[in-house]
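Read the structure below first, then the notes.
The values are calculated or read from the model by the stated rules, or taken from the named source; none is laboratory data. Keep in mind the model is a prediction, meaning the values are calculated, not measured. Glycine also receives a Cβ, built like all others from the backbone with ideal geometry; neighbour counts cover every protein chain displayed.
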């Protein structure tokens with residue numbers, strides 16, 4: 001068999017293993033090792049097992065991953081999420097659909113610390129849905145607001161998935177994180193506008209909250225927000241102004257989160273150990289995926305599939321945007337069945353060289369890809385964010401939650417098209433720090 005055919009068999013085997021719920025990292029290890037051994041030599045395959053692990057683990061730039069994860073764990077495990085929502089609610093909760101808008105606003109701020117869609121969704125679902133139920137919000141509407149807000153967790157920096165994208169493609173992590181900032185802010189306001197339009201068209205889904213909060217109480221509530229803002233401004237602002245590297249920003253953010261939660265008397269021994277334990281587990285999982293992806297990438301390079309595909313596409317007499325649309329459509333379909341990280345490690349070794357060959361900016365494509373993967377966490381049959389919410393709200397059929405998120409999915413599709421037409425929305429801030 002030719003190397004290309006063996007490469008296709010390897011890709012198919014990897015896809016099957018992932019769909020069978022085998023660990024993504026283990027699947028990459030197994031297929032990568034077998035592929036390298038088959039195309040070269042068993043001794044070479046065994047050698048690559050060690051060199052891939054060491055080469056990835058010693059990469060200094062990847063130290064940003066456990067640091068930002070630890071920062072998010074400190075903030076999410078100490079109950080600051082509830083105070084954050086209550087503070088935002090005091091400022092905008094009296095508007096039409098205000099509790100749902102406050103949910104999106106709190107999600108955007110929480111996402112700026114957690115860096116995780118799952119963490120943002122799980123935390124806000126437990127806090128906001130009971131509150132909206134108390135004011136007789138329609139459940140499909142309230143759950144949709146949480147699901148939409150949760151998607152901001154992998155777009156607004158520090159996004160763990162953007163860091164992984166940088167590690168897999170060698171795109172600089174600092175500019176990548178900055179690149180997600182403006183799209184994340186715009187998407188936050190689009191979700192708020194979407195909620196307002198829905199409520200104006202059908203006021204019964206979100207009864208108005210007729211409670212006037214004194215201005216003094218509003219300002220007092222801001223004390224719940226300032227820890228998030230300080231950590232975000234210092235860490236992400238430091239990257240933007242070139243004060244320190246992403247890894248240094250992660251270290252400062254983690255230390256800052258530790259002392260802020262300690263000084264506020266929210267951090268006790270059990271929460272500290274829980275934060276450390278969750279951070280270690282998640283970091284090990286991500287590094288296992290990165291090491292496996294390195295080995296799998298070497299197998300694909302030996303199979304010559306990326307080179308063959310790039311050369312073939314280069315000879316096609318079609319617009320690069322037609323090919324881009326086809327790639328994004330594939331991502332959209334894959335997102336219905338697979339988790340975002342699995343899609344990235346499976347496709348990027350092939351897709352990224354193709355995208356750069358077509359003349360598209362690799363940093364810009366990272367944000368576009370994250371947007372499409374975000375849509376996948378809201379669409380059936382996988383819809384991970386919807387399943388997380390279903391675990392919190394057990395009395396509503398999951399198909400009704402999927403129905404409720406349709407406006408959010410449409411909003412995200414339209415915004416993705418806007419980012420394709422106007423790439424400067426993504427690239428102008430990173431260009432200023434280069």
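General observations
- Evaluation of residue 108 against (1) at pLDDT 85 or above; (2) within 15 Å of the chain's Cα centre (by Cα); (3) surrounded by 24 or more Cβ atoms within 10 Å (Cβ to Cβ) (one fails), failing number: (3)
- Just one of the listed residues (151, 128, 143, 123) is in a helix (DSSP H, G or I), modelled with pLDDT under 85 and surrounded by 24 or more Cβ atoms within 10 Å (Cβ to Cβ), namely 123.
- The stretch 371-392 - residue that is part of a helix (DSSP H, G or I) and out of contact with any helix residue (DSSP H, G or I) (no Cβ under 6 Å at 6 or more places or on another chain) and, of those, farthest from residue 149 (Cα to Cα): 391
Yes/no per residue for (1) assigned to a helix (DSSP H, G or I); (2) within 30 Å of residue 53 (Cα to Cα); (3) in contact (Cβ under 8 Å) with a residue 24 or more places away in the chain:
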site	(1), (2), (3)
104	yes, no, yes
109	yes, no, yes
112	yes, no, yes
136	no, no, yes
164	yes, yes, yes
191	yes, no, yes
198	yes, no, yes
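Residues checked against (1) touching a strand residue (DSSP E or B) at 6+ places or on another chain (Cβ under 7 Å); (2) at pLDDT below 90; (3) part of a helix (DSSP H, G or I); (4) closer than 23 Å to residue 164 by Cα:
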| site | (1), (2), (3), (4) |
| --- | --- |
| 258 | no, no, yes, no |
| 262 | no, yes, yes, no |
| 270 | no, no, yes, no |
| 276 | no, no, yes, yes |
| 282 | no, yes, yes, yes |
| 287 | no, yes, yes, yes |
| 294 | no, yes, yes, yes |
| 318 | no, yes, no, no |
| 321 | no, no, yes, no |
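- Here residue 243 fulfils each of the conditions (1) touching a residue at least 40 places away in the same chain (Cβ under 8 Å); (2) over 23 Å from residue 82 (Cα atoms) apart from (1).
- Set 207, 227: member being under 24 Å from residue 64 (Cα atoms) and in contact (Cβ under 8 Å) with a residue 40 or more places away in the chain: 227
- Considering (1) assigned to a helix (DSSP H, G or I); (2) surrounded by fewer than 24 Cβ atoms within 10 Å (Cβ to Cβ), the lone condition that residue 171 does not fulfil carries the number (1).
- Selection count where residues are assigned to a loop (DSSP other than H, G, I, E, B) and modelled with pLDDT of 85 or more, scope the stretch 68-88: 0
- Tally, over the stretch 329-340, of residues that are surrounded by fewer than 20 Cβ atoms within 10 Å (Cβ to Cβ) and outside any loop (DSSP other than H, G, I, E, B): 4
- Residue in the stretch 220-239 that is over 30 Å from residue 177 (Cβ atoms) and at pLDDT below 85 present: yes
- Qualifying positions in the stretch 235-256 - surrounded by fewer than 16 Cβ atoms within 10 Å (Cβ to Cβ) and touching a helix residue (DSSP H, G or I) at 6+ places or on another chain (Cβ under 7 Å): 242
- Qualifying positions in the stretch 397-422 - surrounded by fewer than 17 Cβ atoms within 10 Å (Cβ to Cβ), outside any helix (DSSP H, G or I) and in contact with a helix residue (DSSP H, G or I) (Cβ under 9 Å, 6 or more places away or on another chain): 397
- If the condition is being surrounded by 15 or more Cβ atoms within 10 Å (Cβ to Cβ) and over 24 Å from residue 421 (Cα atoms), then the stretch 309-328 contributes only 309.
- Tally, over the stretch 1-19, of residues that are within 23 Å of the chain's Cα centre (by Cα) and loosely packed, with under 15 Cβ neighbours inside 10 Å: 1
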